[in-house]
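The values are calculated or read from the model by the stated rules, or taken from the named source; none is laboratory data. In this text, all values refer to a predicted model and were calculated from it rather than measured experimentally. Every residue, glycine among them, receives a Cβ derived from its backbone with ideal geometry; neighbour counts consider all protein chains shown.
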Amino acid sequence: LGQEIRRLTGKRGVDVVFEHVGGTTWEKLIPTIAPGGRLVTCGATAGHDAKVDIRYLFSKTIAILGAFMGCKADLLEAVRAMGEGKLRPVVDRTLPLAECAQAHRLIEDRAQFGKIVLLP
């Protein structure tokens, strides 16, 4: 994951990580954040304990923000940004709805990078 992010960003890293898995993903994601960047966390499906080397946080001036749900204004702003092409999801692949079981296997095995979209 980290190597792919570094490749896509020219080794710069990303400004914001929206993290909703928790657990061991923090160790992999924090090094991909650019100096001055932010990690926004809103879930813990893979565990609630996250290991972080805090020296990396302060040396790169990285902020960690917790988010729970959101308000309607934030949702509308995100929808507007998506409509304007400013916010785009990373899509790993699209599959026909008939291959829903395969999509679940890919997610469970963490074999995707980004979203899997099921098409009717």
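Scan the range 29-36 and tell me whether some residue there is closer than 19 Å to Ile107 by Cα, touching a residue at least 24 places away in the same chain (Cβ under 8 Å) and among the small types (Gly, Ala, Ser).
Within the range 29-36, not a single residue is closer than 19 Å to Ile107 by Cα, touching a residue at least 24 places away in the same chain (Cβ under 8 Å) and among the small types (Gly, Ala, Ser).
Which one of the conditions (1) loosely packed, with under 13 Cβ neighbours inside 10 Å; (2) closer than 20 Å to Lys115 by Cβ; (3) modelled with pLDDT under 90; (4) not aliphatic (A, V, I, L, M) does Lys86 fail to meet, given that it meets all the rest?
Only one criterion in (1) loosely packed, with under 13 Cβ neighbours inside 10 Å; (2) closer than 20 Å to Lys115 by Cβ; (3) modelled with pLDDT under 90; (4) not aliphatic (A, V, I, L, M) is unmet by Lys86, namely (3).
Report whether or not Glu19 is loosely packed, with under 15 Cβ neighbours inside 10 Å and of a type in the set (Asp, Glu).
no
Residues to consider are Val52, Val91, Val79, Val14; find the one that is surrounded by 14 or more Cβ atoms within 10 Å (Cβ to Cβ) and either touching a residue at least 60 places away in the same chain (Cβ under 8 Å) or among the β-branched types (Val, Ile, Thr) (or both).
After applying the criteria, what remains is Val14.
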